[in-house]
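Structure record follows, encoded as structure tokens.
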Amino acid sequence: MFKKHDFRGMEFKFQPIPTDFFNSDTHAPFENCIECDIDLIETQSEYLVEKSVRRLMGTDAVEVLFEYAICMGCAQHIREKMSTESRERIDQHIMNRARPQVHDLIDDQLKTCFLSGNDIDQVSEYVVHAHCKGDQLVHSVYPYAIDHAQLEEIAELLSAKSRDEMDGFIERHFMGPPEFAELFSKGKYVLI
Ligand SMILES: [Zn+2]
């Protein structure tokens, strides 16, 4: 999403990556790209951190369903594997709905869905995306949160071939243990 929807004119600043965007296993910033394994910190690469989160209903607690960091080159490469039609449909959909906003505090930015505007604390499942460079977070329209229901709508815009590519990405990295299978019913996730 970064390259294509570069909301020009929006200013951005850097800050140390907040713990919310750390690797949950190491309690430190992600070190490697999930696809090409490049050392993100040492190379000062630009990358995206994505976390898919489920709210434990009736509580304030959340659990991370899956998370990863992906370098911009690999994210772009995955986008390019989608058919042109799928990409155009998705880009148009996002441009129509996006509500880019920049708050002083990133927590305020994550309170509503980037696409629906709904309160994130009212949805049961959502994703957060952050844009980082080395050990710094780029504060622009990133980071933002997206209601998972919005992501499912986007997944429906994919052609069958593009959906296979996206399911392939998930299967390659997250489908190992059987307990993950229910989390990733096919065709419900798309990297945007
Ligand atoms: Zn990579």
At most 16 other C-beta atoms within 10 Å and a DSSP loop state: those are the exposed chymotrypsin sites (Phe, Trp or Tyr not before Pro) I care about. Give me the longest piece of the chain that has none. 23-192
Students often forget the sequence filter, so: which aspartates and glutamates lie under 19 Å Cα-Cα from Lys161 once same-chain residues fewer than 8 apart are removed? Glu80, Glu85, Glu88, Asp91, Glu152, Glu153, Glu171
In deg cm²/dmol, rounded to 500, what helix-only [θ] at 222 nm does the chain give when every DSSP H run of at least 4 residues adds -39500 (n - 2.57) and the total is split over its residues? -8000 deg cm²/dmol
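So for the range 45-89, what are the equivalent ellipsoid semi-axes in whole Å, largest first, each being the square root of 5 times an eigenvalue of the Cα gyration tensor?
Details: eigenvalues 171, 48, 8 Å².
Result for the range 45-89: semi-axes of 29, 15, 6 Å.
Can you pull the Kirkwood radius for the range 112-156, inverse mean 1/r over Cα pairs, to one decimal in Å?
Values: mean 1/r = 0.0890 Å⁻¹.
Its Kirkwood hydrodynamic radius stands at 11.2 Å.
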Can you find, among Pro100, Phe30, Gln122, the residue farthest towards the positive end of the dipole of the range 13-184? Put +1 on the C-beta of Lys and Arg, -1 on that of Asp and Glu. Pro100
Relative contact order computed over the chain (Cα-Cα under 8 Å; 6+ residues apart), in percent: 24 percent
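Given axes a ≥ b ≥ c from the Cα gyration tensor, I'd like to know whether the range 12-88 is rounded (a/c under 1.5), prolate (a/b larger than b/c) or oblate.
It is oblate, given that a/c is not under 1.5 and a/b is not larger than b/c.
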Which aspartates and glutamates, on any chain, are close to Lys13 with Cα under 13 Å apart, when same-chain ones fewer than 8 places away are left out? Asp104
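Work out, step by step, the length gained on full extension between His173 and Ala149: first 0.36 nm times the residue separation, then minus their alpha carbon distance; give nm to one decimal.
Working: separation 24, 0.36 × 24 = 8.64 nm, distance 2.22 nm.
The span from His173 to Ala149 would gain 6.4 nm if fully extended.
Counting only other residues whose beta carbon sits under 13 Å from that of Tyr68, what net charge do I get with K and R as +1, D and E as -1?
Working: positive: Lys51, Arg172; negative: Asp25, Glu31, Glu35, Asp37, Glu50, Glu67.
Overall, the nearby charge balance is -4.
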Ratio of Rg to Rh over the chain (Cα coordinates, Kirkwood Rh, two decimals): 0.93
Between Thr43 and Arg99, what is 0.36 nm times their sequence separation minus the Cα-Cα distance? Round to one decimal in nm. 17.0 nm
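Rule-based calculations on the coordinates, nothing more; no lab input. Remember, predicted model here, so these are calculated numbers, not experimental data. Neighbour counts are summed over all protein chains in view; Cβ atoms, including those assigned to glycine, are modelled from backbone coordinates with ideal geometry.
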